1. Got a number for residues in segment 158-179 being among the hydrophobic types (A, V, I, L, M, F, W, C) and modelled with pLDDT under 70?
2. Out of segment 112-133, which residues are outside any strand (DSSP E or B) and more than 14 Å from residue 57 (Cα to Cα)?
3. For segment 373-425, which residues satisfy the criterion of being more than 26 Å from residue 353 (Cα to Cα), not in a helix (DSSP H, G or I) and not charged (D, E, K, R)?
4. If you take the residues of segment 211-258 that are surrounded by 14 or more Cβ atoms within 10 Å (Cβ to Cβ), of a type in the set (S, T, N, Q) and under 27 Å from the mean Cα position of the chain (by Cα), which of them is nearest to residue 476 (Cα to Cα)?
5. Based on this model, can you work out whether residue 200 counts as of a type in the set (S, T, N, Q), farther than 30 Å from residue 58 by Cα, modelled with pLDDT under 75 and more than 33 Å from the chain's Cα centre (by Cα)?
6. Which residue pairs have Cβ atoms under 8 Å apart, sit 6 or more places apart or on different chains, and have a first residue in segment 96-120 that is more than 16 Å from residue 184 (Cβ to Cβ) and a second that is crowded, with 17+ Cβ neighbours inside 10 Å and aromatic (Phe, Trp, Tyr)?
7. Mind counting the residues in segment 339-360 that are β-branched (Val, Ile, Thr) and either under 18 Å from residue 372 (Cβ atoms) or crowded, with 17+ Cβ neighbours inside 10 Å (or both)?
8. Return the only residue of 193, 238 being modelled with pLDDT under 75, under 30 Å from residue 93 (Cβ atoms), part of a loop (DSSP other than H, G, I, E, B) and among the β-branched types (Val, Ile, Thr).
Amino acid sequence: MLRFTSLYSRLLVLMVLGLISAFAISNYVWLYYLEHQRESQAESMARDLAFSMGSTIEFIRAYPTEYRHLIINQLRDMGGSRFLVSVNESFIDVSPVRPSGAKDRFLATFNLAIEEKLGQRLSGLHVTFADPRLLNVYKNDVLLVDLPPRWAQNTLILEPDPPQVVVAQVPIGEDEWLYLAGLLPDPFFFDQTEYLDRGQLLFLVILMLILVVILWVVVRWLTRPLSNLAAAARELGTDIHLAPLAETGTREVKQTARAFNLMQERVLRFVDDRERMFSAISHDLKTPITRLRLRAEMMEESDAKPRMIKDLDELEAMVKGALDLGRSTDVHEDTQPIDINQLVRELAEDLELLGYDPEIRGEARRPYFGKPLALKRCLSNLAHNAAFYGTQVGIDIVDSRHELKLYIVDNGPGIPEEKLDSVFEPYVRLETSRNRNTGGAGLGLSIARNIAHAHGGQLRLRNRIGSGLEAAVLLPRR
């Protein structure tokens, strides 16, 4: 099932649908107008033909029987009638053509008009459409095409594809049938079965394709600045020192790009101010801690001296951890290709020095573009946590076109489900539920998550079935 989620695809689909709807509605209105015009024209032609045939019928009936054939020959020779006229001894069978609603309406109007013309309803009047190439005249075994050309054949048969003719037969006396066959004022009226021929349809298809291509270019041109803005916003999460976004395009796009650049400038200023603040705090705290350590070393031996030195060590470690946590949100490293397989092997060698035998499964298909020292620190924190809380450590690598996944698992006691999110908070430690000894300052997971976020990725924790914890580092490939 197709899903149109981008602004570009939605605009393109809406414009194409609007274009198709406009074509469909306009053609429907046009066809409705043509159909209405055809109905009006058919009614007019039916009345005109009925009045002409009615006049001929009145003219023929006005003469005695013995003179009618002379009148008919005179009409045929002198061209005084639009029809093939004959007086036959019997009704001539006419092969009907394929009926249609328009033809039925035409015949109904014709019958009403001829009654109006003659002032009476003609008993036995038969009116139908026929193919002139199969039309019988005079007798049931005489075809129109067999007549001499001067006997109205040239009038009723138009080459190469003759249209249908209207045939009317009405009794005018005992064993006398007046036979009239003629063309409509527009003889090809009922042959217009298609409003769009193949050439017109091809023209509309080509026009539609041209308009769709133009719409594609226009929508692409309008939405490209927004795509660039979205890409810059994604990159800003991993590199705050990006070049400012070009302020080009429409007025609204320029305003958005200007606001984005202003936001980036403010964030960069905030990060710089925070870094200077951390540097100042580091300098201001290290100096008194060093002085206190020297004084503690110079104190006479007593029970308080070791405790004081231990407190100063913990204080120094906490200050160092807090500074590291602050710096982890803005890693000052250039992005470069990283051999993930080599990085994982180095982590495994570090764990082997601690007495573990880590298992590595899978491999990266190609280098990952990131900040090597920061990424190594992230994975190192997770690997040492796994080694600290478990007896077995495993590292799984799952690589795909769009994402690199690194899983670090252990067989430790895991983390209570309700605390899986809170362990990322600074200084949160779960010694009573997980570790065997005392842990660090509780900043390792926070720093690891900040580094993952700095690469545009995520760090997730999940308890394994049975026992153990799984730490998943999900890094998007660019």
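1. The qualifying residues number 1.
2. Listed by number, the residues that qualify are 112, 131, 132, 133.
3. The answer is 400, 402, 404, 415, 416, 420.
4. Selected residue: 228.
5. Against the criterion (of a type in the set (S, T, N, Q), farther than 30 Å from residue 58 by Cα, modelled with pLDDT under 75 and more than 33 Å from the chain's Cα centre (by Cα)), residue 200 does not qualify.
6. Listed by first residue and then by second, the contacts come to 96/129.
7. Qualifying residue count, segment 339-360: 2.
8. When all the criteria are applied, what remains is 193.
The values are calculated or read from the model by the stated rules, or taken from the named source; none is laboratory data. All figures in this text were calculated on a predicted structure; none of them were measured in a lab. For neighbour counting, all protein chains shown are included, and Cβ atoms are generated from backbone atoms with ideal geometry for every residue, glycine included.
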